[in-house]
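Visitor: This is the structure I have questions about; it appears just below.
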Amino acid sequence: MFGVGAAAPTSTAAPTTTAHTRLHSINATSSSNTFISALIGSGRVQFCSLRLNCGGPIKAMADTNTSTDTISVPNSASHPSASGNKQALISLSDKKDLAFLGKGLQELGYTIVSTGGTASTLESAGVSVTKVEQLTSFPEMLDGRVKTLHPSIHGGILARRDQKHHMDDLNKHGIATFDVVVVNLYPFYNKVTSTGGIEFEDGIENIDIGGPAMIRAAAKNNKDVLVVVDPQDYPLLLEFLKGGGDDQLFRRRLAWKAFQHVASYDSAVAEWLWKQTSGISTSSADDDKFPPSLTVPLERVSSLRYGENPHQKAAFYVDKRLAEVNAGGIATAIQHHGKSMSYNNYLDADAAWNCVSEFKNPTCVVVKHTNPCGVASRDDILEAYRLAVKADPVSAFGGIVAFNVEIDEALAKEIREFRSPTDGETRMFYEIVVAPKYTEKGLEILQKKSKSLRILEAQKNEKGKLSLRQVGGGWLAQDSDDLTPQDIQFNLVSEKAPQESELRDAEFAWLCVKHVKSNAIVIAKNNCMLGMGSGQPNRVESLRIALKKAGDEVKGAALASDAFFPFAWKDAVEIACENGVSVIAEPGGSIRDADAIDCCNKYGVSLLFTNVRHFRH
């Protein structure tokens with residue numbers, strides 16, 4: 001099954017590099033809807049979970065949209081406890097702003113009940129505390145595993161105030177109600193992703209039990225209990241409690257956030273435990289990689305102006321799975337300058353960065369509509385940049401330019417001043433520049449090129465990631481396509497063997513075609529893309545487009561195809577040979593492979609089978 005929800009980000013969520021909504025002022029007379037919008041839209045309450053069942057800190061790039069500087073708080077009132085006194089239960093691992101919260105609740109007349117280190121911190125801040133063991137008449141046991149799992153705690157949380165028999169039960173057993181529950185959980189996510197890893201037993205001990213139980217209990221009984229899991233909500237909670245009315249929507253929103261907080265926590269535990277079982281079960285290696293049930297926690301970084309088209313609403317989320325920690329990618333890039341990223345910007349930047357990151361030598365890639373329209377590798381990165389633009393300057397204009405080396409002052413000046421090869425006058429315009437790093441001077445120069453130019457600093461994607469893609473009512477999961485020319489064999493099947501330079505050209509073209517939408521053809525020579533054809537329903541049309549872009553430079557060039565040629569004579573293979581291609585690299589596997597071999601032999605063209613297909617849909 002597939003489910004989507006939204007929840008608060010974990011404490012490990014990284015801050016964005018551009019402006020966030022902040023709590024500037026509070027207007028107690030404003031509507032509750034404005035307050036709720038602030039709670040769920042300010043970057044504090046932004047989490048999604050994709051739950052798939054198979055049947056069996058780095059800075060975030062985009063800024064969070066801000067609609068107002070004022071957060072409104074609805075009028076409210078807490079329900080009286082069974083004893084007539086207001087009680088708040090506080091048990092925290094992250095003790096940020098705890099003193100502020102404790103003093104605020106105490107000033108409002110709340111009796112504070114707390115545990116272990118939380119109680120000690122509150123007492124050190126001058127806040128009076130009743131310890132949990134005073135209510136339960138039991139000390140903490142089992143090295144702290146059992147502290148709050150007791151009827152005196154959960155009865156006080158779960159009792160419905162509007163049910164007389166519930167309240168009679170509490171009075172009978174001398175249990176007081178809790179009106180506020182503030183809990184966050186053991187830092188499991190941080191522990192299991194720490195440098196050097198963590199021993200299995202240490203991981204187990206960092207799985208919180210009592211915390212999620214209290215959060216879930218309070219969230220379930222949200223009509224009577226306010227539950228808070230995020231320190232950034234403390235000011236909002238206190239302001240709410242100062243009011244004189246009641247607002248069930250506010251309570252439900254806090255409950256929603258609490259359940260998502262626990263859900264994201266549990267997803268991390270489940271992911272970690274699954275990894276601990278890999279290789280020791282009777283399942284196959286494929287089953288280890290693709291578990292029967294999969295939860296993907298997603299943290300919303302920003303609401304976008306619109307989606308792929310203006311009539312579509314959209315947002316951008318970061319994948320918070322443990323497998324994605326420090327694993328690189330565009331989602332965790334730093335934006336140094338420019339307008340906020342759009343939906344299409346993310347797609348294009350991802351395509352450009354994934355492509356350029358695969359090359360070992362200094363390389364520039366230019367992308368338009370997720371297709372590389374120019375690629376060049378040179379020891380001189382300035383020359384590589386010029387050649388990449390020259391491959392298709394019309395498409396390059398308004399595109400994304402990516403580099404796999406640091407952008408220094410000289411390269412930044414070239415990007416800023418380079419004129420379009422089409423007329424020699426028009427300065428090239430780009431939506432995005434992305435690179436692994438920038439010198440201080442290089443960044444300063446690029447920032448002056450355009451106020452809107454988005455300048456991104458990204459970390460290379462790690463290999464071996466799980467690739468997910470949505471279809472109607474379901475998701476597809478597969479290994480990422482990480483193969484490079486060094487991982488495969490280019491097998492000679494023709495009479496003519498390629499020269500060493502031709503083989504290098506074939507490898508370069510093959511690596512380029514991997515990133516072009518199918519049906520894909522790339523023509524390249526001397527580590528430079530000369531032309532490409534993409535996205536055509538038949539391979540012949542993609543070839544004709546690539547040949548047109550390459551022009552006369554096709555003579556002696558290499559051609560790579562993402563899939564085999566179903567026909568050869570009077571079709572793509574013969575057309576390529578007639579136009580002067582010297583070597584062709586393709587997967588092979590067609591029932592007419594012999595025709596392709598015979599055709600290449602007739603024209604004296606080298607033919608290499610890779611046995612690896614590179615479809616990209």
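Visitor: Ala384 - would you say it is within 15 Å of Leu530 (Cβ to Cβ), buried (at least 24 other Cβ atoms within 10 Å of the Cβ), out of contact with any helix residue (DSSP H, G or I) (no Cβ under 9 Å at 6 or more places or on another chain) and aliphatic (A, V, I, L, M)?
Guide: Answer is yes for this residue.
Visitor: Okay, moving on. Determine if region 429-437 includes at least one residue that is at pLDDT 90 or above, surrounded by fewer than 15 Cβ atoms within 10 Å (Cβ to Cβ) and over 21 Å from Phe359 (Cβ atoms).
Guide: yes
Visitor: I'd like to verify a number: residues in region 464-480 that are assigned to a loop (DSSP other than H, G, I, E, B) and modelled with pLDDT under 90, how many?
Guide: Of the residues in that region, 3 qualify.
Visitor: Looking at Val301, Val325, which one is modelled with pLDDT under 90 and of a type in the set (A, V, I, L, M)?
Guide: Every option except Val325 fails the conditions.
Visitor: Moving on. Could you tell me whether region 581-602 includes any residue that is assigned to a loop (DSSP other than H, G, I, E, B) and among the hydrophobic types (A, V, I, L, M, F, W, C)?
Guide: Yes, region 581-602 contains a residue that is assigned to a loop (DSSP other than H, G, I, E, B) and among the hydrophobic types (A, V, I, L, M, F, W, C).
Visitor: To continue, here is another question. Can you tell me which condition Trp510 does not meet? The list is (1) surrounded by fewer than 22 Cβ atoms within 10 Å (Cβ to Cβ); (2) over 19 Å from Ser395 (Cα atoms), and all the others hold.
Guide: Condition (1) is where Trp510 drops out.
Visitor: Moving on to the next point. Could you tell me whether region 312-325 includes any residue that is assigned by the TED database to the domain that holds Ala435, touching a Phe, Trp or Tyr at 6+ places or on another chain (Cβ under 6 Å) and over 30 Å from Val182 (Cα atoms)?
Guide: no
Okay, residues lined up against (1) within 28 Å of the chain's Cα centre (by Cα); (2) not in a helix (DSSP H, G or I):
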position	(1), (2)
Gly374	yes, yes
Ile400	yes, yes
Ile415	no, no
Thr422	no, yes
Val434	yes, yes
Lys451	yes, yes
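Visitor: Still on this structure: Could you please give the count of residues in region 105-124 that are farther than 23 Å from Leu236 by Cβ and either of a type outside the set (Val, Ile, Thr) or open to solvent by 50 Å² or more (accessible area, probe 1.4 Å) (or both)?
Guide: Count: 6.
Visitor: Working carefully through the options Asp481, Asp392, Asp423, find the one that is surrounded by fewer than 13 Cβ atoms within 10 Å (Cβ to Cβ), within 26 Å of Met532 (Cα to Cα) and of a type outside the set (Lys, Arg). Reasoning before the result, please.
Guide: Numbers: Asp481 fails: surrounded by fewer than 13 Cβ atoms within 10 Å (Cβ to Cβ); Asp392 fails: surrounded by fewer than 13 Cβ atoms within 10 Å (Cβ to Cβ).
Only one candidate passes the filter, namely Asp423.
Visitor: Another question, then. Which residue is surrounded by the most Cβ atoms within 10 Å (Cβ to Cβ), if the candidates are limited to region 293-312 and must be of a type outside the set (A, V, I, L, M, F, W, C) and under 13 Å from Trp475 (Cα atoms)?
Guide: So the residue we want is Thr295.
Visitor: Is region 348-357 home to any residue that is surrounded by fewer than 24 Cβ atoms within 10 Å (Cβ to Cβ) and assigned to a strand (DSSP E or B)?
Guide: no
Visitor: Considering only residues that are farther than 19 Å from Lys95 by Cα and of a type in the set (Phe, Trp, Tyr), look in region 231-258 and name the one that is surrounded by the fewest Cβ atoms within 10 Å (Cβ to Cβ).
Guide: Trp256
Visitor: Before we move on, is Ala263 at pLDDT 85 or above, aliphatic (A, V, I, L, M) and either open to solvent by 30 Å² or more (accessible area, probe 1.4 Å) or in the same structural domain as Tyr346 (by the TED database) (or both)?
Guide: Against the criterion (at pLDDT 85 or above, aliphatic (A, V, I, L, M) and either open to solvent by 30 Å² or more (accessible area, probe 1.4 Å) or in the same structural domain as Tyr346 (by the TED database) (or both)), Ala263 qualifies.
Visitor: Consider Ala315 carefully, then state whether it is at pLDDT 95 or above, assigned to a helix (DSSP H, G or I) and either closer than 25 Å to Lys390 by Cβ or open to solvent by less than 60 Å² (accessible area, probe 1.4 Å) (or both).
Guide: Criteria not met by Ala315.
Table: residues versus (1) open to solvent by 70 Å² or more (accessible area, probe 1.4 Å); (2) farther than 25 Å from Arg321 by Cβ; (3) part of a loop (DSSP other than H, G, I, E, B); (4) not hydroxyl-bearing (Ser, Thr, Tyr).
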position: Leu456; (1), (2), (3), (4): no, no, no, yes
position: Glu462; (1), (2), (3), (4): yes, no, yes, yes
position: Gln486; (1), (2), (3), (4): yes, yes, no, yes
position: Ser494; (1), (2), (3), (4): no, yes, yes, no
position: Lys517; (1), (2), (3), (4): no, yes, yes, yes
position: Pro537; (1), (2), (3), (4): yes, yes, yes, yes
position: Ser542; (1), (2), (3), (4): no, yes, no, no
position: Ile545; (1), (2), (3), (4): no, yes, no, yes
position: Asp552; (1), (2), (3), (4): yes, yes, no, yes
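Visitor: Still on this structure: How many residues, within region 568-610, are crowded, with 21+ Cβ neighbours inside 10 Å and acidic (Asp, Glu)?
Guide: Here the count works out to 1.
The values are calculated or read from the model by the stated rules, or taken from the named source; none is laboratory data. Being a predicted model, the structure only gives us computed values, none of them experimental. FYI the Cβ positions are ideal-geometry reconstructions off the backbone, even for glycines, and counts take in every protein chain you see. Note: accessible area is taken over every heavy atom of the protein model, side chains too, but ligands, DNA and RNA are not part of it. Shrake-Rupley method; radii C 1.70, N 1.55, O 1.52, S 1.80 Å.
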